[in-house]
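A short worksheet on the structure shown next.
Coordinate-derived values only; no laboratory data. A quick note: this is a predicted structure, and the numbers were derived from the prediction, not measured. Cβ placement follows ideal geometry from the backbone for every residue including glycine, while neighbour counts extend to all protein chains displayed.
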Amino acid sequence: MRRSFAPWANPDAKPLIRFENVTKRFGESTAVDHLSLNIFEGEFFCLLGPSGCGKTTLMRMLAGFETPTEGTITLGDQNLAGVPPYRRPVNMMFQSYALFPHMSVEKNIAFGLKQDGMPKDQIADRVGEMLRLVQLEKLARRYPSQLSGGQRQRVALARALAKKPKVLLLDEPLGALDKKLREETQFELMDIQHDLHMTFVVVTHDQEEAMTMADRIAVMDHGRIVQVATPGEIYEQPKTRFIAEFVGDVNIIEGHVQGQENGLWRVKTSSAEAPLTIDDPDEVLHSGQPVAIAVRPEKMVIQRDPPGPGAINVLTGEVWDIGYLGDWTVYRVKLANGEILRVTRANASRFVESPIDWDEQVYVTFAPDAAVILAE
Amino acid sequence: MNRRLSVFNVTSLVIGFAFLYLPILLLVIYSFNASRLVTVWGGFSTQWYGALFRNEALIDAAWVTLRIALLSATLATILGTLAALALTRYGRFPGRTLFTGMVYAPMVMPEVITGLSLLLFFVAVDFDRGFWTITLAHTTLTMCFVTVVVQSRLMTFDRSLEEAAMDLGAPPLRTFFSVTLPLIAPSIVAGFLLAFTLSMDDLVIASFNAGPGATTLPIKIYSAVRLGLSPEVNAASAILIGIVTLGVISATLLSKRSVLRSRRNAH
């Protein structure tokens with residue numbers, strides 16, 4: 001539906017939001033550290049990171065609730081320095097929703113429009129439109145205390161969208177919803193964003209949420225951006241060990257570079273007898289350099305029979321734990337050096353004749369291009 | 001825990017409440033006494049209430065009291081609310097702790113001292129004692145109670161509500177009047193009622209700062225009793241008790257409701 005959307009890859013595209021060398025300090029601690037970032041019009045952009053990484057501060061600076069200690073933020077052609085929150089063409093959906101408890105649903109949604117001095121009949125039209133968008137027409141006269149968590153979330157969304165902001169900021173938009181509702185709402189948010197052609201900036205600590213919704217994800221840690229890329233790139237080509245471990249599950253095998261053969265890296269580890277062969281041509285490494293090999297659990301193959309002679313990347317161990325998840329089975333395999341690998345297997349058929357059992361001797365293999373080398 | 005009331009619990013409850021309320025109850029009962037003698041029951045009658053309403057001096061005093069209470073409570077509510085906002089909102093300005101302590105001082109200060117110091121002040125600045133001096137003195141006394149009530153509400157106030165209003169385009173002042181004020185209004189009203197009742201029943205500070213032109217009801221009652229007990233005074237006291245009770249009960253209900261509301265919206 002939006003396969004060709006990639007303005008960040010176009011060097012001529014002008015970003016809508018630009019953070020240039022932005023730093024924010026609170027007393028002694030630095031929340032955001034010399035950060036530069038471009039966000040393009042129409043993007044669904046996720047700021048992802050553990051709590052305290054500075055993602056919320058970054059969003060609050062965009063909304064105008066915090067002032068950068070250094071650096072500039074521009075929106076379109078406007079430098080946002082000194083522009084108070086009530087004059088920014090940006091609206092925010094708060095984590096707590098922040099619905100006005102003394103106003104009905106429709107009054108809440110109309111609040112922003114009233115501030116702009118919009119004529120009454122136009123306000124009514126727009127409120128009606130917003131209520132239809134979030135499917136809350138029947139609850140227009142209710143008060144926030146009479147709504148469920150999911151309904152409140154929708155009112156908050158409608159209120160933030162009512163003014164048609166250039167950018168919608170969403171602070172942990174699905175954090176307070178239960179799992180099932182969260183999943184539904186993720187897709188709904190994507191549809192709404194797509195239909196309205198609006199730029200969404202979402203703050204979240206939930207990597208699944210970010211992966212599902214975002215066009216691009218910026219992974220943050222300690223006030224800095226570690227990687228900005230599409231969900232696929234973040235998952236398949238994580239730049240650092242932090243990202244590999246933060247986004248999804250991963251097996252990390254530590255070792256030393258032995259050399260390069262036919263464009264493939266040979267890495268000596270304590271986990272396997274033979275050196276491991278990794279196909280990661282972009283890395284520039286030298287012999288003896290300590291590295292970490294990252295392999296996603298679903299890219300490893302677990303088998304009972306020894307692989308044939310000449311097989312590469314063979315790790316032997318015994319089954320330590322088995323977790324049956326229905327769609328997947330998770331095996332935890334303990335290697336001879338004590339390390340534990342996590343290997344998943346899709347349960348493609350309903351019955352398996354003699355499934356791999358606890359304490360069984362198994363062989364785990366992976367293809368050279370299934371792994372990524374992360375320089376330490 | 002044993003949730004049922006044991007004999008011991010009931011007894012202590014009865015004794016405690018009797019200790020607190022028996023004298024007041026007695027006063028109210030004797031205000032309906034037909035006999036002229038305050039301590040001898042002579043049958044039921046409402047004649048003293050009638051006499052009370054024909055006693056112009058007492059009625060005058062009641063009016064003065066009511067006007068002072070309304071005016072001083074209004075002033076105290078405005079000042080007390082502003083103080084509460086400053087104390088909860090403007091972070092850690094230098095001397096904040098000292099300022100907080102100073103706002104609460106009149107609460108624990110002996111009334112005689114507050115009254116005396118105010119008297120000395122009014123004499124020093126050559127301010128004629130009367131209606132206005134009592135009003136100002138009561139404002140000083142009751143302001144801190146308003147601050148306490150409003151401050152406790154502001155502590156639980158979700159700041160993101162104000163941020164949301166600003167985010168949606170409301171400048172700070174409009175944010176205050178359209179979001180903050182309506183939400184803390186119950187606690188402001190509770191503070192007002194508290195200030196009102198405190199002013200109504202104050203004797204000590206009022207008598208220090210009263211002048212020839214203005215006598216409040218508590219002062220009048222006190223001096224009347226010194227000349228000899230009269231059932232009229234019982235009637236006046238009973239009415240006063242009624243008003244004060246009403247004020248305190250509504251203040252409690254209001255602040256309870258506002259706390260409940262903020263809690264309901266918190267989840």
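Considering only A:300, A:326, A:289, the residue lying farthest towards the positive end of the dipole of chain A is A:326, judged by Cα position with unit charges set on Cβ.
Each eigenvalue of the Cα gyration tensor of the stretch B:139-267, multiplied by 5 and square-rooted, gives one semi-axis; in descending order these are 41, 16, 10 Å.
For peptide A:92-101, compute the average count of partner chain beta-carbon atoms within 10 Å of each residue's beta-carbon. The partial results should precede the final answer.
Values: counts 6, 2, 6, 1, 8, 5, 12, 3, 9, 10.
For this peptide, the per-residue mean of nearby foreign Cβ atoms is 6.
Placing +1 on the Cβ of every Lys and Arg and -1 on the Cβ of every Asp and Glu, with no other charges, gives the protein assembly as shown a dipole of roughly 3320 debye about its Cα centre. For the stretch A:336-376, backbone nitrogen atoms closer than 11 Å to the point 7 Å from residue A:270 Cα along Cα-to-C-beta are found at A:337-339. Put simply, the amide H of residue A:43, placed in the peptide plane, has neighbours under 5 Å in A:200, leaving out anything fewer than 5 places away on its chain. Just so you know, the Cα atoms of the protein assembly as shown work out to an Rg and Dmax of 36.6, 121 Å.
Rounded to the nearest Hz, the phi-derived 3J(HN,Hα) couplings of the stretch A:211-217 under the Karplus curve 6.51 cos²θ - 1.76 cosθ + 1.60 (θ = phi - 60°) are 4, 5, 8, 7, 6, 9, 10, where x marks glycine and proline.
Mind checking the stretch B:48-150 for chymotrypsin sites (Phe, Trp or Tyr not before Pro) that DSSP puts in a loop (not H, G, I, E or B) and that have at most 13 other Cβ atoms within 10 Å?
B:90
Quick one: divide the alpha-carbon radius of gyration of the stretch A:336-376 by 2.2 N^0.38 Å and tell me what you get. Don't skip to the answer; put the middle values down first.
Details: Rg = 14.2 Å, N = 41, 2.2 N^0.38 = 9.0 Å.
This ratio for the stretch A:336-376 stands at 1.58.
Separation of the stretch B:224-251 from the stretch A:328-376 is 86 Å, based on Cα centroids. Mean-square fluctuations from a GNM of chain B, with a 10 angstrom spring cutoff on Cα atoms, peak among B:187, B:152, B:207 at B:152. Along its first, second and third principal axes, ordered by size, the stretch A:1-129 spans 46, 43, 28 Å in Cα coordinates. Along the positive direction of the dipole of the stretch B:31-99 (beta-carbon charges: Lys, Arg +1; Asp, Glu -1; about the Cα centre), which of B:32, B:83, B:69 reaches farthest? The one lying farthest along the dipole's positive direction is B:83. Full extension of the chain between residue B:117 and residue B:97 yields a length gain of 4.8 nm, computed as 0.36 nm times the residue separation minus the alpha carbon distance.
If R0 is 60 Å, what FRET efficiency do you get for residue B:222 and residue B:174 from their C-beta distance, rounded to 0.05? Each step should come with its number before you reach the end.
Working: r = 49 Å, r/R0 = 0.82.
Between residue B:222 and residue B:174 the formula returns 0.75.
The modelled label-to-label distance for the pair residue A:262/residue A:180, using points 7 Å beyond Cα in the direction of Cβ, is 5.3 nm. Put simply, the amide H of residue B:35, placed in the peptide plane, has neighbours under 5 Å in B:42, B:43, leaving out anything fewer than 5 places away on its chain. The stretch B:126-159 and the stretch A:188-223 have Cα centres lying 50 Å from one another. Where in the stretch A:318-376 are there chymotrypsin sites (Phe, Trp or Tyr not before Pro) that are in a DSSP coil and have at most 15 other Cβ atoms within 10 angstrom of their Cβ? The qualifying sites are A:351, A:358.
Here chain A is treated with +1 on each Lys and Arg Cβ and -1 on each Asp and Glu Cβ, and its dipole about the Cα centre works out to around 1960 debye. Extension gain, residue A:107-residue A:20: 0.36 nm per intervening residue step, less the Cα-Cα distance, totals 27.5 nm.
Ordering B:23, B:147, B:165 by Cα displacement along the dipole of chain B toward the positive end leaves B:165 in first place; charges were set at the Cβ atoms of Lys, Arg (+1) and Asp, Glu (-1). Mind pulling the angle between the C-alpha long axis of helix B:181-200 and the longest principal axis of chain B? Nearest 10 degrees, somewhere in 0 to 90. The angle comes out near 30 degrees. Across the stretch B:142-267, the mean sequence separation of Cα contacts (distance under 8 Å, 6 or more residues apart), normalised by length, yields a relative contact order of 36 percent. A simple spin-label model places the labels of residue A:72 and residue B:51 8.7 nm from each other, with each point 7 Å out along Cα-to-Cβ. Computed over the alpha-carbon pairs of the stretch B:30-85, the distance histogram in 10 Å steps reads 21, 26, 22, 17, 12, 2 percent, short to long. Over chain A, the pair-distance histogram of Cα-Cα distances with 10 Å bins from zero comes to 5, 20, 25, 22, 16, 9, 4, 0 percent, rounded to whole numbers. Taken one residue at a time, the phi angles of the stretch B:122-136 give Karplus couplings (6.51, -1.76, 1.60, θ = phi - 60°) of 5, 5, 4, 8, 6, 9, 4, 6, x, 3, 6, 5, 5, 4, 5 Hz. Gly and Pro are set to x. In this structure the amide hydrogen of residue A:227, modeled in the peptide plane, comes within under 5 Å of the amide hydrogens of A:219, none closer than 5 places in sequence on its chain. For peptide A:316-328, the mean count of partner chain Cβ atoms within 10 Å of a residue's Cβ comes to 0. Based on every Cα atom in chain B, Rg and the maximum pairwise Cα distance Dmax equal 22.4, 71 Å.
Ratio of the stretch A:150-207's C-alpha Rg to 2.2 N^0.38 Å, to two decimals? Intermediate results must be reported in sequence, preceding the final value.
Numbers: Rg = 11.0 Å, N = 58, 2.2 N^0.38 = 10.3 Å.
The reported ratio for this selection is 1.07.
Only the Cβ atoms of Lys and Arg (+1) and of Asp and Glu (-1) were treated as charged; on that basis the dipole of the stretch A:251-375 about its Cα centre amounts to roughly 100 debye.
Compactness of the stretch B:50-162 was expressed as the Cα radius of gyration divided by 2.2 N^0.38 Å, which yields 1.34.
In whole Å, how far is the Cα centre of the stretch B:51-108 from that of the stretch A:71-146? For the stretch B:51-108 versus the stretch A:71-146, the Cα centre distance is 38 Å.
Kindly flag which residue pairs out of A:107/A:164; A:268/A:334; A:179/B:256 have an alpha-carbon separation exceeding 24 Å in this structure. Mind showing how you got there, number by number?
Details: A:107/A:164 17 Å; A:268/A:334 19 Å; A:179/B:256 35 Å.
Long pairs (Cα-Cα over 24 Å): A:179/B:256.
Here the spin labels are modelled as points 7 Å beyond Cα on the Cα-Cβ line, and at residue B:185 and residue B:156 they lie 1.9 nm apart.
Which trypsin sites (Lys or Arg not before Pro) in the stretch A:286-376 sit in a loop by DSSP (not H, G, I, E or B) and have at most 15 other Cβ atoms within 10 Å of their own Cβ? Provide the component values of the computation, followed by the final result.
Values: sites: A:299, A:304, A:332, A:334, A:342, A:345, A:350; in loops: A:304, A:350.
Answer by residue number: A:304, A:350.
Rg/Rh, computed from the Cα trace of the stretch A:56-195 with Rh as the Kirkwood radius, has the value 0.97.
Each 5 Å bin from zero holds the following percent of Cα-Cα pairs in the stretch A:251-375: 2, 11, 21, 23, 18, 12, 7, 4, 1, 0. Along the stretch B:49-62 the Karplus relation, 6.51 cos²θ - 1.76 cosθ + 1.60 evaluated at θ = phi - 60°, assigns HN-Hα couplings of 5, x, 4, 4, 6, 8, 7, 5, 4, 5, 4, 4, 4, 4 Hz to successive residues, with x for each Gly and Pro.
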